[in-house]
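A short write-up of the structure that comes next.
Here, each number is a calculation from the coordinates, and none is a lab measurement. Just so it is clear, the structure is predicted and the values come from calculations on it, not from any experiment. Using ideal geometry, Cβ is built from the backbone for each residue, glycine included, and neighbour counts are taken over all protein chains shown.
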Amino acid sequence: MLAHVVEPIPKIWGMESYATNPDDLQDKILEKTKEMLNELGDKIGITERRVMLGGPASKIRELQAGYEADAIVIGSHGHSGWKLMLGSTAINPLHGATCDVLTVYVG
């Protein structure tokens with residue numbers, strides 16, 4: 001399975017006055033992400049693909065619970081301490097993982 005988690009755009013008071021509606025922008029981001037994931041899946045031969053909206057760490061754990069994965073590969077771009085190497089999103093799914101977790105630094 002090829003999956004990507006998109007973090008929700010935070011709702012900020014007064015955003016409705018901007019020309020772009022935050023919900024419309026979120027929909028566009030999700031659609032573009034699906035297109036990119038489909039292109040990648042076609043290239044590498046993975047037919048099962050999922051784009052999810054939410055917190056990456058919790059969504060990765062949800063996927064892990066409902067799918068028997070051989071490995072989880074997570075892109076990381078953390079910025080401080082241990083997080084310089086991994087980042088909190090990458091570290092979080094390591095706890096209780098039932099399979100190997102490969103973290104790739106994406107700069």
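Reachable lysines from residue 59, Cα under 18 Å, same-chain residues fewer than 8 places away excluded?
Straight-line reach from residue 59, under 18 Å: 34.
Where Lys and Arg each count +1 and Asp and Glu each count -1, what net charge lies around residue 99 among other residues with Cβ under 11 Å from its Cβ?
Cβ neighbours under 11 Å give a net charge of -3.
Rounded to the nearest 0.05, what FRET efficiency is calculated for residue 48 and residue 9 with R0 set to 35 Å and r the Cβ-Cβ distance? Please list the in-between numbers first.
Values: r = 27 Å, r/R0 = 0.76.
The calculated FRET efficiency here is 0.85.
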